[in-house]
Every structure is written in structure tokens, then in C-alpha cells.
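This report refers to the structure that appears directly beneath it.
Any read-out appearing in this document is the output of simple, stated calculations on the displayed coordinates, not a laboratory observation. Just so you know, these numbers come straight off a predicted model, no measurement behind them. Methodologically, a virtual Cβ is constructed for each residue, glycine included, from the backbone with ideal geometry; neighbour enumeration extends over all protein chains shown.
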Amino acid sequence: MARLIFIGILSVILVAAPAARAQDYDMKKLDFEATANRPLEVYLNVDAGEIYIEKGKETLKGGVDVEFETERVRTRIDFDEKRNRLRVAVDGRKWYKTRDGMRGPIVRVVLPDSVHIRLKTRLKAGECHLELGGLRIEELDVTSWAGELTVRFDEPNPIVMTYMDIHLHVGEANLVRLGNARFDKAELKHGIGSLSVDFSGTLVHRSMARVGLNIGEAHVLLPDDAGIRMQIGGAFSFLSAKDIDSDFYKRGRYFYTDGFDEAGTQMSLRMTPGLGELRVERR
């Protein structure tokens, strides 16, 4: 059911913004050099389209390029050297006036790997692909209203992340190797659709995470080399069909893995599922 809802909504988005002709397109680029002694602040605000963020090969230098349809889209890219702040804004001027051969803008961001980063991304509709492994992410705040969201940490974060907040309202979310984000606290929220959360990786010694899903399917993968304390609740939790890994036993309001109290790495997890299915796996 959740997948059908997602396909229906995505179809509306694609009808409203089909693919564009090459001759209508322009490219805007910006290269920047971050200051080493203060966090790099990165703000992306995109009406609709595709966002790609990844680690670059430079210690302090990064870059942005935006491919966009000139008649419909207003693009602003700015780097404030004094504040060490990068801002990217892509606004649709005629977003709902369609014609054959149009598509949304494409935003690509390459970030330096030796500076602390505070990353905030907003996308109203489309695809968001964040390959953040190896970056020094201090704070992460991602919101997408409709579409497809992928966040990956294939390499460990060299620093501890203060907080991580990821929110997809409608669509499909895949969060991969979040243990490598090395977060203290994480808030993962999903409205309608499918949610896959993989907490494998190099977790910090003590971490907390909350996972919420209103309607749809959720698959949560937990590492077997960490002690896990898990609570499943919420006002609509009774509407969810639950499949909990046999590694867990229940004590009071919580599910525990064996040896939780003695584990060197511990994670506390609270999940609030709604109408749909919840599967929790440990490996």
C-alpha cells in the first residue's frame, strides 16, 4: 500500500516537472575555500529537482554546480568567507507550467574533508542523494517533502556528530551505515512510504536514536556488536504489524540484547510505528 501511495505521488511530481531539453539549460558554478578554524555552514534550499552531495579530494576546497532550465528556475549560489557559510537556493518561477521535454534542476555539491561541517538541506520534491562518508559532519539536518531520499556513511565520521535530524514526509527513504555517522543523538522521521534504516558502522560508545513512521513499511537493521535497548510505542503503534529479531528479550517496557549493561558500545532506540509493518533485524 505504501509503495502504491509513493508511486502515485511521484507520478504527479513527474507530470508537473517532466524532463527538459538541453538547449533550455544553463549551468551555474562556484568554487570556494573554507576557513579551517571554524565550522563550514552549508545551506541548501531547492524547490524541486535532484541534489547530490559528496566528499571531495581537497582538504579545504569545495564546489557547487547547478544545472537548471533558465525560463523556470531562479538560482542563487553564495559563499560568505567571513562567516564560512555556503548558501544554495533554487526557486521555481514557473514550476507548474509544463511543456514537453522539461525536468527539474540538478544540484551537485562537493565538500572538503578536513573542516567541521554543519549541513542543512531542504527539498520540496525530487531526489536527494547524500554520500557523507569520511566528512567531518558536526550537525546534519535534512528535510524532504516528497520523493526519494538516500543518506550514506560508507566511511566513519572523523568527529562525533552532535545531532542528526532526517525527515521525509512522503516517499522512500534509505539510510545506510548510520553508525558511521557517529552521532550522539538522532531523530529520524517519516510520514508516508517506506523507510529503511541501517545503523551498522562505528557507533560512539553511547548514542540515542528515535525512529518514527506514520504510514508504511519500516525495516531497521541494528549491529550485533553493540548492546541495544529498544522501546516501541506511540499512540498508533497498535496498528503496526511487528517482526522483532529473536536476539531481543523484553524486560518491562524495553527490549534488550543480551549483555546490554556490560556492553562497551550501547545504543538506546525508541520507535513509534503507525499503520503498516515494522521489521527489526540484528546482524
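Miscellaneous remarks
- Identified option (computed Cα Rg over 2.2 N^0.38 Å; candidates (1) 1.01; (2) 1.34; (3) 1.06): (3)
- Relative to the Cα centre, the charge distribution of the chain, modelled as +1 at Lys and Arg Cβ and -1 at Asp and Glu Cβ, gives a dipole magnitude of about 780 debye.
- Between helix 2-16 and the chain: long-axis angle, C-alpha atoms, 0 to 90°, nearest 10: 10
- Cβ-defined net charge surrounding G179, 10 Å radius [Lys, Arg +1; Asp, Glu -1]: 0
- 3J(HN,Hα) from dihedral phi, segment 221-232, Karplus parametrisation 6.51/-1.76/1.60, rounded to Hz, x for glycine, proline: 9, 10, x, 8, 9, 9, x, 10, 10, 10, 10, 10
- 25 Å Cα-Cα threshold exceeded, pairs from K29/K57; K28/K61; K82/K185; K55/K185; K61/K124; K28/K55: K82/K185; K61/K124
- Counting neighbouring beta carbons within 10 Å and listing from fewest to most, the residues R83, R253, R152 come out as R253, R83, R152.
- Using the Cβ of R87 as centre and a radius below 14 Å, the other residues enclosed give a net charge of +4, where K and R count +1 and D and E count -1.
- Label-point gap, in nm, between T162 and D243 - each point 7 angstrom along Cα→Cβ: 4.0
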